[in-house]
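First the structure, in the form of C-alpha cells, and then the observations on it.
The values are calculated or read from the model by the stated rules, or taken from the named source; none is laboratory data. All values reported here derive from a predicted model rather than from experimental measurement. When we count neighbours, we look across all protein chains shown, and the Cβ atoms used for this are built from the backbone with ideal geometry, even at glycine.
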Amino acid sequence: MKRLFTKDMGGSRLGELLVGAREWCRDVAELAKARLMAMVLVTTLVGFYVGSSRPSEGGKAWHLLVGTALVAAAAAGLNQLLERDVDRRMSRTCDRPIAAGRFAPRQACLIAVFEGLAGLFYLAKTVGMGPSWVAALTLFLYVVLYTPLKRKSPWHTLIGAVSGALPPLIGYVAGDQRDWAMGWVLFGILFLWQLPHFWAIAWLYRQEYGEAGIRTFFDSDRSGVSCGWACLVFSVLLWAVSLVPWWMGTVGGLYGPGAVVLGGFFVGLAFRFLQEPSRTHARSLFLGSIVYLPALLALLVVGYRGV
Ligand code: HEM
Ligand SMILES: CC(C)=CCC/C(C)=C/CC/C(C)=C/COP(=O)(O)OP(=O)(O)O
C-alpha cells in the first residue's frame, strides 16, 4: 500500500495523481496549522462543556467544531500570507506552502477569506451570534493586531495570548453560559500557559527570530536567565489559577491532586530551565507545555461537577 504513494511510480498516471493529492492535502493542513488547530478545538470544546447544561444536545458541539475550525484555518492562512517573507527567512517556517511558493498568495488569500466568512456565518446560523462574534474578535486580534505587531514590538505575545485564550470562550458562549467563573478560569489558564509555551521557543530560536525581524523580550538574553525567570513566574501563576476550580468546588475527582502534580511538573521544567538555561531545557519546557495542557483539560472535564 505504501508503495502506491511513492514518487518512483515509473510514470504511472495514477501514482502521480495520488502523490500530488497527498502533497496538496499536506499543504492544506499546513496552511491551516492543523496541529495548533487541533489543540484550539479541544479548548473550544472544553469551554462549551463547562458552559452548557446539555453539551450533547442537537449536535451543537459538531457545528461549533466545524465553524471554529473554519475560522481558525482562515486565521492561520492569513497569518502565513502576511508573514510569507518572514517565514521564508526561518528554517522552521521556510517550507510553509505560501513561503515556499507552492500556494500563490492570491489563491491562499481567497481560500482564507472564504473560510473565515463561511466559518463566521456557519457559527452564527447553527450555534448563535455570541460564538460568531467571539470568533470574529479572535480572528481580528490574531490577524490584524498580533501578526503585524510581531515585527514591531515584543508585546505582541500578550495580544497573541489573548487571542489564543479566546477559543474556550467561543465554546462557552455557545452553551447556556451556566458558569461564568469557569469560563474565565479557562481563559486565564490558556492565557498564562501560552507565555512559557512561547517564550521557551522564543529563546530557543532567538537568533532566527532576530534575523527574520521578529521582536521578542529575549532577543539579547544570551544567558537565558531573564527568560527563565519570566517562564517561572508565569508557570507559578498558571499553577495557582489551575487550582481555582478545585478551590471553588466546581471540579472534583482527581482534578485537584492532578492539577497539583501537573502544575508542579510544569513549574519544575521552568525552574530547571532557569537553573541551567540550555537548548535542551528550553525544548523540554516547550514539550512539557504540549503535554501539560491536554492532560489538565482532560482531568477538568472528567472531574467537572457543574454549578
Ligand atoms: C502567544 C501565543 C502563542 C505563540 C506565540 C505560539 C507559538 C508557537 C510556535 C512558534 C510553535 C512551533 C514550535 C516549533 O516549531 O518548534 C508552537 C507550537 C505549538 N503550539 Fe503554540 N503558540 C501560541 C499559542 C498556542 C495556543 C493558544 C495553542 C493551542 C491551544 C498552541 C498550541 C501549539 C501546539 C499544539 C504546538 C505544537 C505543534 C506544532 O508544532 O505545530 N499554541 N507554538
Ligand atoms: C477561532 C480562531 C480564530 C482560532 C485561532 C486561535 C489562535 C489565534 C491561536 C493562535 C495563538 C498564537 C498566537 C499562535 C502563534 O502564532 P504564530 O503566527 O506566532 O506562529 P508561527 O511563528 O509558527 O507562525
### Single residue of Val28, Val46, Val71, Val113 found to be more than 10 Å from ligand 2 (Cβ to nearest atom) and within 30 Å of Val301 (Cα to Cα)
Val46
#### Entry: Hey, Leu169 touching a residue at least 40 places away in the same chain (Cβ under 8 Å) and more than 12 Å from ligand 1 (Cβ to nearest atom) or not
yes
### Subset of the stretch 115-170 [in contact with a Pro (Cβ under 9 Å, 6 or more places away or on another chain) and closer than 30 Å to Arg206 by Cα]
Thr138, His156
### Query
Taking the stated definitions as given, is Leu139 within 13 Å of ligand 2 (Cβ to nearest atom), modelled with pLDDT of 95 or more, farther than 26 Å from Asp27 by Cβ and in contact with a Gly (Cβ under 9 Å, 6 or more places away or on another chain)?
no
### Query
Residues in the stretch 23-71 that are more than 27 Å from Leu287 (Cβ to Cβ), of a type in the set (D, E, K, R) and part of a helix (DSSP H, G or I): how many?
3
### Query
Name the residues in the stretch 127-153 that are within 13 Å of ligand 1 (Cβ to nearest atom) and aromatic (Phe, Trp, Tyr), would you?
Tyr142, Tyr146
### Residue satisfying condition, being more than 10 Å from ligand 2 (Cβ to nearest atom) and out of contact with any helix residue (DSSP H, G or I) (no Cβ under 9 Å at 6 or more places or on another chain), within set Lys125, Lys152
Lys152
### Task
Sort through Leu232, Leu299, Leu285, Leu269 and tell me the only one that's modelled with pLDDT of 95 or more and under 22 Å from Leu41 (Cβ atoms).
Leu299
### Query
Where residues in the stretch 160-174 are among the β-branched types (Val, Ile, Thr) and more than 8 Å from ligand 2 (Cβ to nearest atom), which of them is farthest from Asn79 (Cα to Cα)?
Val173
